[in-house]
Structures are given as structure tokens and as C-alpha cells.
Amino acid sequence: MSEFITYEKFATVPELKELVELLEANNIPYELEDDVQIFDVSFANIQHHRDYRIKLHQSDFDKATELRNAIVLSELDEIDPGYYLFNFTDEELIDLIAKQDEWSPFDFQLAQKILKDRGNEISSQKINKLKEERIEELAEPEKYGAFWIGLGYVFAFLGGLIGIIIGYYIISNKKTLPNGERIYRYSESDRKHGSYILLIAITAIIIGVAFRIINAD
């Protein structure tokens, strides 16, 4: 069975509870946790703000998104005409649709409705193409930064634990794409630097410990 991966984060319990009920109604397995500990699924005794996370199997990401989009369709006709999306240009609405991962299911569906009402309906084929392009964009590796890599080497040669932490972070850090796929965050060249930093830091610590043992005799 594949691991559970963070699907979405919530700041309030009502939003969280709504999604949990939807997942349970459709028999989609999930994990629920906050920034401190595994969350109580009874939603009892919640007194303060936390960062709540819903985790799903990668194979269920698209299904959960489709279910959420389907639910909000019934709410579109009741929207206040002063809602801010009505002031968006067609280009801005298309950009919203392309970046569905940054917007709520309601805004995603409303953007499509507004375009349709304006006579500029966007086809499902176009939406799928935009989604594929968005995933390709987000899949591009990030640069860790020459300064931080250089700093990692400095700490590594000094034999500090910080060098190990920086090296391990560079080589192991991953990000989740909208389709649930997990990929390495940083480029292959940066991860090579991370490996060198980690190796140098560990070697420096071993040498330092060896010298202390020798001098202690």
C-alpha cells in the first residue's frame, strides 16, 4: 500500500470537517493530523488555531478533487454578484483555472462558469492540458542557492552538525505535485553538492573524534 501524502492543509475545523465527511462518504482512506500531534477525529475540544492536514494515497488525489468540484456546482447559482472573481479578466480566470492547486474548488468552478457566461467557455480538453502544463511547471527542480550550498561546505569542513543537517536536507527534501506525485525538490547538481556536504561533515566529525581520543591517551 502506498504511503499517505499531504493533500491539503486547513486553518479551521469546519473546512476540515467538511472534507473529512466527503472522504468518509465515498470510502476514501485518509490520515488526519495537525502540527503538534495526530488529530482527534471527533473534533472535540478544539480551542486554538493549528495547521490541520488531510493526507491521502496518491491514487486518490484526483478522485477527491473531482468530488469536491462536483459538490460546489450546486452553489454557483447562488453566488453574490459582488463576488471578487466577477472582476477578473478572462486571462486572469484562465490563469486561475491553470493554477487550480492554488484556489478553492468553488473558485475553480466559478471561474469556468463566468467564462462560459461571457461566451468564452473553456473545454475539458483545454483544462486537462492546462493541468498537465501546470504539473510540468511545478515539477521543475528548484535551486537551493549558491550561498547556502557554500555555507553548507563551510559547516561541513568545520565538522559541525549543521553541515550534516544541510547536506541531508538538500538530498532528501521532496515536494508534492497536485496529482500526489512526490519528487525531489532540488536539482540533481544541488543534490550532488548535498551528498558531498554530508560526506565531508561526517568525515570531519569522525576525524575530530579520533583526534580527541588520541590526545586523551
Among Arg191, Arg182, which is under 30 Å from Asp62 (Cβ atoms) and more than 18 Å from the chain's Cα centre (by Cα)? Arg191
When the range 180-194 is checked residue by residue, the ones that are touching a helix residue (DSSP H, G or I) at 6+ places or on another chain (Cβ under 7 Å) and surrounded by 14 or more Cβ atoms within 10 Å (Cβ to Cβ) are Gly180, Glu181, Tyr184, Tyr186, Asp190, Arg191, His193, Gly194
Could you say which residue among Gly159, Gly152 is at positive phi and either in contact (Cβ under 8 Å) with a residue 12 or more places away in the chain or outside any helix (DSSP H, G or I) (or both)? Gly159
Among (1) at pLDDT below 95; (2) under 26 Å from the mean Cα position of the chain (by Cα) - the single one Ala210 does not satisfy: (2)
Just a yes or no: is a residue in the range 125-132 assigned to a helix (DSSP H, G or I) and assigned by TED's automatic domain parsing to the domain that holds Arg212? no
Failed criterion for Ile54 (all others in (1) touching a residue at least 40 places away in the same chain (Cβ under 8 Å); (2) in a helix (DSSP H, G or I); (3) in contact with a Leu (Cβ under 7 Å, 6 or more places away or on another chain); (4) not small (Gly, Ala, Ser) hold): (2)
Can you tell me which residue is surrounded by the fewest Cβ atoms within 10 Å (Cβ to Cβ) among those in the range 128-148 that are at pLDDT 95 or above and touching a helix residue (DSSP H, G or I) at 6+ places or on another chain (Cβ under 6 Å)? Leu130
Filter the range 162-195 for residues that are of a type in the set (Phe, Trp, Tyr) and without any contact (Cβ under 8 Å) to a residue 40 or more places away in the chain; the one that is nearest to Glu142 (Cα to Cα) is Tyr169
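The values are calculated or read from the model by the stated rules, or taken from the named source; none is laboratory data. Quantities reported herein were computed from a predicted structural model and do not represent experimental measurements. Quick reminder, even Gly has a Cβ in these numbers, built from the backbone with ideal geometry, and neighbours come from all protein chains shown.
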